[in-house]
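A short worksheet on the structure shown next.
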Amino acid sequence: MQWALIEFKQDISGRGRERDKYVRTNPGKYAGNPSRPEIMAEHEKRMFEAFVTHIGNGKKIELNGKPAVKREPHFFVYGPPASQALADFNQLRGSLYWGAWATSGAQDWVKTRLTDIEVCPADIPELSATYEEFVCYAGCIKLAKSGVFSVSEQDDGSAGGLVDLSLVVGLTNRAVTHVATLHNFLLTQQLIAEQHLELESQPAAQSTQKPGF
């Protein structure tokens, strides 16, 4: 099974509204919000710039010095222009998530300009990531959108946080097998990690069976 993060938009113009979700492309995102520490905003900026730099150079995103993402398992899927009715699913179009919206009108920190790369929605399963790769990517996106990794840590609850239309989708070459919001997916991963840590902290059970002779 492959995993992907899909942003559904009404039409192609919706891609540009992703700028509002990130403090790097929307400096006023947290203006006047006293609950947002500056360090969180700085984390957002750094992770956003990492995506732009590494994807623009065709490199892997790294986390703690280790490759975390082999590909970009993140996509837009959208319909025809609003003036046209969607009559058939074959009218759906798609593109890689990181594109021109991320660097259009950007300041001097941008060393490369991203371009939109169109993809056929039917090809998304093949272009998606393994489970391990996707978990790493989802954590990076969480950090880039809210400045924190942990789902339990509060974000601002706006469209710039995790309360948006980002859907995590588990795909095979025949069907969609899993669908969840990004928030619920990350919350599940956090609970799984906590359970593993709890099990590892418990002492190994002592065997009461007497050795055989």
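Give the residue that is farthest from Leu127 (Cα to Cα), with candidates limited to residues of region 91-106 that are open to solvent by less than 30 Å² (accessible area, probe 1.4 Å) and not in a strand (DSSP E or B).
Step by step, filter region 91-106, then rank; the result is Ala106.
So which residues in region 75-105 are out of contact with any Gly (no Cβ under 8 Å at 6 or more places or on another chain), closer than 15 Å to Gln10 by Cβ and at pLDDT 90 or above?
Gly94, Ser95
Take region 118-172 and flag every residue that is modelled with pLDDT of 85 or more, farther than 24 Å from Gln10 by Cβ, of a type in the set (Val, Ile, Thr) and not in a helix (DSSP H, G or I).
If the condition is that a residue be modelled with pLDDT of 85 or more, farther than 24 Å from Gln10 by Cβ, of a type in the set (Val, Ile, Thr) and not in a helix (DSSP H, G or I), then Thr130 is the only one that fits.
Identify all residues within region 182-200 that are of a type in the set (Val, Ile, Thr) and surrounded by 15 or more Cβ atoms within 10 Å (Cβ to Cβ); write none if there are none.
Within region 182-200, no residue meets the criteria.
Identify all residues within region 24-56 that are open to solvent by 60 Å² or more (accessible area, probe 1.4 Å) and modelled with pLDDT under 80; write none if there are none.
Ala31, Gly32, Pro34, Ser35
When you look at Ser13, is it closer than 27 Å to Pro80 by Cα, out of contact with any Cys (no Cβ under 9 Å at 6 or more places or on another chain) and exposed (fewer than 14 other Cβ atoms within 10 Å of the Cβ), yes or no?
When the stated conditions are applied, Ser13 passes them.
Modelled with pLDDT under 80, open to solvent by 20 Å² or more (accessible area, probe 1.4 Å) and in contact with a strand residue (DSSP E or B) (Cβ under 7 Å, 6 or more places away or on another chain), is that true of Lys66?
no
The values are calculated or read from the model by the stated rules, or taken from the named source; none is laboratory data. None of these values were measured; they are calculated from a predicted model. Here Cβ is always computed from backbone atoms with ideal geometry, including for glycine, and neighbour counts include all displayed protein chains. When the accessible area is computed, the model is the full protein with side chains, heavy atoms only, and any ligands, DNA or RNA have been set aside. Shrake-Rupley method; radii C 1.70, N 1.55, O 1.52, S 1.80 Å.
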